[in-house]
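All remarks here apply to the structure that follows.
The values are calculated or read from the model by the stated rules, or taken from the named source; none is laboratory data. Owing to the predicted nature of the structure, the values given are computational and were not obtained by experimental measurement. Backbone-built Cβ (ideal geometry, glycine too); neighbour counts: all protein chains shown. The protein model used for the area step is the full one, side chains on, heavy atoms only, and it has no ligands, DNA or RNA in it. Shrake-Rupley method; radii C 1.70, N 1.55, O 1.52, S 1.80 Å.
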Amino acid sequence: MELWNLQAGCEAGVYRPLLAYIRLKQMGARLPPYIPKYGEIALHKLCRLACLYQEAGWVEEAGKLAFQVLKLESFPTLWCREREFSQSNVQKCLQRIRCIQPICPAPSDFLDVTLINLPTIQAALTLSGNEVGLGVIRSKDVEVCAFGPQNSALSFGIQGSGVSGWTQSFFDPEIWLSMKHQIDCLPSDIDHDALKITFSLVGLRPQEPFYIAFYIRANQCEVGNAIIVPRSLEKFKAHTQKISFQNQLVVALEHPLLTQVIPLAGKGCFWDSTFLILCEIHPCLSQVFFVFQSLRNS
């Protein structure tokens, strides 16, 4: 039996009992009680878990999990820690799960994710996870691979499960944030889509810088009068209200925020992102919103 290298880490409490169950079943031994369970973890791990369910004989549970994972296959970085992401690994796992017959689960069994599907913007948003972002946003060739709270030491993400619409930052459990989204109701003749995401924040402290970070995969970034490309030494740091990527996705801010644009390598780290956008949030601000806008005919 393939063990999938899943026995370490915070998911060990799920995998080890399952692997022990499968071993005993193969040996014909008396089986202990086991209830299949899973939560918001990286897609490649959910794929492997579904395959193990299938191996254990839990066809229905495997099908329910496969159904949810396949709906999320366009968002491979969802619930994935930066150090664990591998595009090729995700694709291999997704290919393997396709042999499982999907079964639509009951609403109570769904993972904590909200899917948005507009003509030019697709998104998966969540308030659950451990050291991960709040979701993924895609617009044509541009992808926000991960976004969420970050401190000056580059510690990123949220932790735990959402509670009444709120979640904790990973690096400081006293900082809580909520996230609400709104699809702008635009007349049919308007040629763009717009997704508005509003963050409410509590627990910020003046002595500790706090950022909303966006790890973005794009070939070009336009901000102010600058055009920045990946793997370059050019950076941007100033107050701004608008950042554009390849003329395909525009991120508009409610008020001018001190914003940094940092080019990245694009491979092997930070979810293969090419840009890091850091928007510093003043501790006096309790709410801030961003609008993601994409032209339908670009």
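In the chain, the calculated helix contribution to ellipticity at 222 nm averages -6000 deg cm²/dmol per residue, counting -39,500 (n - 2.57) for every DSSP H run with n ≥ 4.
Leaving out ligands and nucleic acids, and using a 1.4 Å probe, what accessible area per residue does the chain come to in Å²?
Value returned for the chain: 47 Å² of accessible area per residue.
Ignoring ligands, DNA and RNA, what percent of the 1.4 Å accessible area of the chain is carbon and sulfur? Roughly 52 percent of what the probe reaches on the chain is carbon or sulfur. Paramagnetic label reach from Leu154 (point 7 Å along Cα→Cβ; backbone nitrogen cut-off under 16 Å): within the stretch 248-271, residues 260-271. Straight-line reach from Lys235: taking Cα to Cα under 12 Å and skipping same-chain neighbours fewer than 8 places apart, the aspartates and glutamates in range are Glu222.
The gain in end-to-end length when the Arg231 to Ser200 segment is fully stretched comes to 7.8 nm, 0.36 nm per residue minus the alpha carbon separation. If you find the alpha carbon centre of the stretch 247-288 and of the stretch 191-217, how far apart are they in angstrom? Cα centroid of the stretch 247-288 versus Cα centroid of the stretch 191-217: 8 Å apart.
Given the pairs Lys180/Lys237; Lys71/Lys180; Lys196/Lys242; Lys45/Lys140; Lys45/Lys180; Lys140/Lys196, which span a C-alpha to C-alpha distance of over 24 angstrom in this model? Mind showing how you got there, number by number?
Values: Lys180/Lys237 27 Å; Lys71/Lys180 21 Å; Lys196/Lys242 14 Å; Lys45/Lys140 26 Å; Lys45/Lys180 27 Å; Lys140/Lys196 18 Å.
Violating the 24 Å limit, Cα to Cα: Lys180/Lys237; Lys45/Lys140; Lys45/Lys180.
Going by alpha carbons, how many degrees (0 to 90, nearest 10) lie between the helix axis of 12-27 and the longest principal axis of the chain? Between helix and principal axis, roughly 30 degrees. Under a 10 Å cutoff between Cα atoms, tell me which one of Ala50, Ala238, Ala213 has the largest fluctuation in the Gaussian network model of the chain. Looking only at Ala50, Ala238, Ala213, the largest GNM fluctuation is found for Ala238. State the label only: which of [x] 64, 25, 14; [y] 37, 21, 18; [z] 70, 21, 13 corresponds to semi-axes √(5λ) of the Cα gyration tensor in Å computed from the shown model? Label of the calculated value: [y].
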